[in-house]
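Undergrad: Here it is, the structure, as structure tokens.
The values are calculated or read from the model by the stated rules, or taken from the named source; none is laboratory data. A quick note: this is a predicted structure, and the numbers were derived from the prediction, not measured. Note that each Cβ is placed from the backbone with ideal geometry, even for glycine, and that neighbours are counted across all protein chains shown.
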Amino acid sequence: MGRIALALRTGLELLETLRGDGREVWIDGERVADVTADPRFAGAARTLAELYDMPEEDGDLSYTSPTKGDSARLCWMEPQSPADLTAKRGMFKRWADHTGGMFVRSPDFLAVMASSFASAENVLGKDFGGNARTCYEAAREADLAMSHTLITPQVDRSKSVDAQDHDIAARIVRETDDGMVLSGARMLATLSPFCDELLVMPAPSYPLPDTDKGRAYAYAAYVPVGTPGLKLICRPSLAPQGAGSPMDWPLAARFDEMDAMVVFDEVLVPWERVFIFRDIDVCNAVYRESFAATQMAHQYVTKDLAKAEFMLGVALSVARAAKADEFLHVQNMLAELINMAETVRACLVASEANAGTTPFGTALPDRWPLEAMRFNFPTMFRRACDIVQNIGAGGLMMVPSAAELSGKLSDDVARYAQAANASATERVNLFRLAVDASTSGFAGRQQLYERYFAGDPVRAAAILFKSYDTDTYRKRIDDFLAVSEEATSP
Ligand SMILES: Cc1cc2nc3c(=O)[nH]c(=O)nc-3n(C[C@H](O)[C@H](O)[C@H](O)COP(=O)(O)OP(=O)(O)OC[C@H]3O[C@@H](n4cnc5c(N)ncnc54)[C@H](O)[C@@H]3O)c2cc1C
């Protein structure tokens, strides 16, 4: 890994971009003037800036840019060896640990996706594939924050997107000399109010038919969030807006990364930003043949590890506060969380230990341990929330707001909110965190995110079943039965 020749993009530089590009972000019926200052967004904007400002420890967050020779953030690297994968994991983990794995869509996720498409430029078609590389390189050099938007709005899931009665999904409405024009909507893009650009992609679990209408949805492009005609309509904020302290909802106050519907109103996307254009075959194969899903799983399973460790820490601390950790069944639940974290770690390390190589020469983590986590982590996380609820019990609900610690009744609170192993201040702060990690609206969104962010698990599991080498295991049974038959025949 090279020494840094030039500093990486700073948090302040990122925030200045968000203030100055004319982005159209809407929430609660009004347009947001400045996402870095609006209280519904400012906590997450600050967190994003903190990630960009994180100091390097012996060059562990950067590498030498192959085009410019100065430093680029490690998440953008096209890995050439298992050691590169391990180095990337180190960077993912430092970012994820900063937020307890709760700022789930940190920009390293999209950096990995973009770098996977660049590496696979040759499978993206000769006319447009090269743009996946040039856009990626520009994004890498500028160290952009990006999100993706893949899924069409939920209108009628019994029909494919081209056969909908209500024709509202974003599609190519025409072409000009300058580029393609998109109109319609995509269901959502997490983090988008804080992003420089969006990767607008086809959805992996919705194959498109090779028809004129189908081809209108067969595109992929890098689209700056500030592009005229692009509007983000946000869900209500989870960040606390009341009179209390941010310590009352310590995760929501800092990590509500936001989800927004993306509306394209005659958005012109210049040709040089388009990397799939009306190409059904490429669209339907892009995730499989670029191996993007596996590379991205390497990033998000690292986030899973940070989250599993964080939930373990919360549960251990809650159990210690009032000595619930002296009970056998509580120790059992804590052991379950320890096993959870170690299982995630084992899958991650195994994916690097058994890494292979893509047809285009980049190092590829082993898919299967990462798939195992993709499918198991949502249940694990829900169970972790359940365990924190079990151990914290009524104490999770009856924990006063942080403001009471210095309010008129602070003497009462200091006396009655303490626990055997925690002062009132320690207990209030810890239990407010435990509520936000396991029980609040923020925790509910985390659960939904883990369940769905990587696509519909039902269809994804069927795809996994069809792509696994099942013959080996069936043959093993055939062989076993043949031997038993021989052994038991008279
Ligand atoms: C917090 C959060 C953040 C997200 N962030 C992003 C993002 O940044 N970018 C992005 O593009 N997407 C994002 N998503 C969307 C995510 O990709 C989708 O939720 C996921 O792909 C499932 O699609 P859906 O929500 O439309 O569910 P649907 O596809 O509508 O499914 C609803 C139910 O119907 C079933 N179903 C639907 N169709 C079929 C079918 N054909 N066969 C069998 N069963 C079917 C499903 O199994 C499910 O039970 C996010 C989702 C969440 C919850």
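Undergrad: Confirm whether E50 is within 27 Å of A315 (Cβ to Cβ) and in the same structural domain as M247 (by TED's automatic domain parsing).
TA: Details: within 27 Å of A315 (Cβ to Cβ): yes; in the same structural domain as M247 (by TED's automatic domain parsing): yes.
Spelling it out, E50 is indeed within 27 Å of A315 (Cβ to Cβ) and in the same structural domain as M247 (by TED's automatic domain parsing).
Undergrad: Right, next: Spot the failing condition for A253; the list is (1) within 16 Å of the ligand (Cβ to nearest atom); (2) assigned by TED's automatic domain parsing to the domain that holds E24; (3) modelled with pLDDT of 95 or more; (4) hydrophobic (A, V, I, L, M, F, W, C), and only one is missed.
TA: Among (1) within 16 Å of the ligand (Cβ to nearest atom); (2) assigned by TED's automatic domain parsing to the domain that holds E24; (3) modelled with pLDDT of 95 or more; (4) hydrophobic (A, V, I, L, M, F, W, C), A253 violates only (1).
Undergrad: Among what's in the range 137-154 and is within 10 Å of the ligand (Cβ to nearest atom) and not β-branched (V, I, T), pick the residue that is farthest from Y219 (Cα to Cα).
TA: Of the residues in the range 137-154, the ones within 10 Å of the ligand (Cβ to nearest atom) are 147-154.
After this cut, where a residue has to be not β-branched (V, I, T) as well, the list is 147-148, 150, 153-154.
On the way: S147: 16, H148: 13, L150: 11, P153: 17, Q154: 19 Å.
My answer is Q154.
Undergrad: Take residues that are without any contact (Cβ under 8 Å) to a residue 12 or more places away in the chain and of a type in the set (V, I, T) and tell me which of the helices (runs of 4 or more DSSP H) falling wholly in the range 367-425 contain 3 or more. Show your work before the answer.
TA: Working: elements: 367-392, 394-397, 410-416.
Qualifying helices (runs of 4 or more DSSP H): none found.
Undergrad: List every residue pair whose Cβ atoms sit under 6 Å apart, with the two residues 6 or more apart in sequence or on different chains, where the first one lies in the range 137-153 and is closer than 24 Å to A454 by Cα and part of a helix (DSSP H, G or I) and the second, anywhere, is modelled with pLDDT of 95 or more and not small (G, A, S).
TA: Once the first residue is closer than 24 Å to A454 by Cα and part of a helix (DSSP H, G or I) and sits in the range 137-153, its partners that are modelled with pLDDT of 95 or more and not small (G, A, S) give R140/W76.
Undergrad: Out of the residues in the range 194-232 that are over 24 Å from the mean Cα position of the chain (by Cα) and under 29 Å from T17 (Cα atoms), state the one that is nearest to the ligand (Cβ to nearest atom).
TA: Going through the qualifying residues, I end up with G229.
Undergrad: Name, by its number, the condition in (1) assigned to a helix (DSSP H, G or I); (2) over 19 Å from the mean Cα position of the chain (by Cα) that does not hold for G361.
TA: Failing condition for G361: (1).
Undergrad: Those residues that are out of contact with any helix residue (DSSP H, G or I) (no Cβ under 9 Å at 6 or more places or on another chain) and more than 7 Å from the ligand (Cβ to nearest atom), I need them from the range 176-193; list them, please. Give the steps one after another, and end with the answer.
TA: Within the range 176-193, the subset out of contact with any helix residue (DSSP H, G or I) (no Cβ under 9 Å at 6 or more places or on another chain) is 176, 181-189, 192.
Once the filter is applied, which keeps residues that are out of contact with any helix residue (DSSP H, G or I) (no Cβ under 9 Å at 6 or more places or on another chain) and more than 7 Å from the ligand (Cβ to nearest atom), the range 176-193 yields T176, V181, L182, S183, G184, A185, S192.
Undergrad: Please pick out the residue among V483, V435, V428 that is farther than 30 Å from T190 by Cβ, more than 16 Å from the ligand (Cβ to nearest atom) and surrounded by 15 or more Cβ atoms within 10 Å (Cβ to Cβ).
TA: Numbers: V483 fails: surrounded by 15 or more Cβ atoms within 10 Å (Cβ to Cβ); V435 fails: farther than 30 Å from T190 by Cβ.
None of the other options fit; the residue is V428.
Undergrad: Looking at V123 and the list (1) modelled with pLDDT of 95 or more; (2) assigned to a helix (DSSP H, G or I); (3) surrounded by 19 or more Cβ atoms within 10 Å (Cβ to Cβ), which single condition is not satisfied?
TA: (1)
Undergrad: Same structure again: Q389 fails exactly one of the following numbered conditions: (1) modelled with pLDDT under 95; (2) touching a Leu at 6+ places or on another chain (Cβ under 9 Å). What is the number of that condition?
TA: Result: Q389 passes all but (1).
Undergrad: A follow-up question, please. For the range 438-446, indicate whether the set of residues that are part of a helix (DSSP H, G or I) and either over 36 Å from the mean Cα position of the chain (by Cα) or more than 16 Å from the ligand (Cβ to nearest atom) (or both) is non-empty. Please lay out each step first, then the result.
TA: From the range 438-446, those part of a helix (DSSP H, G or I) are 438, 441-446; that's our starting set.
Keeping just the survivors that are either over 36 Å from the mean Cα position of the chain (by Cα) or more than 16 Å from the ligand (Cβ to nearest atom) (or both) gives 438.
Yes, that holds for at least one residue.
Undergrad: When only residues in the range 447-469 that are basic (K, R) and within 11 Å of the ligand (Cβ to nearest atom) count, which is surrounded by the most Cβ atoms within 10 Å (Cβ to Cβ)? Before the answer, list the steps.
TA: Of the range 447-469, the ones basic (K, R) are 451, 459, 466.
From what is left, the residues that are within 11 Å of the ligand (Cβ to nearest atom) are 451, 459.
Values: R451: 15, R459: 12.
Of everything passing the filter in the range 447-469, R451 is surrounded by the most Cβ atoms within 10 Å (Cβ to Cβ).
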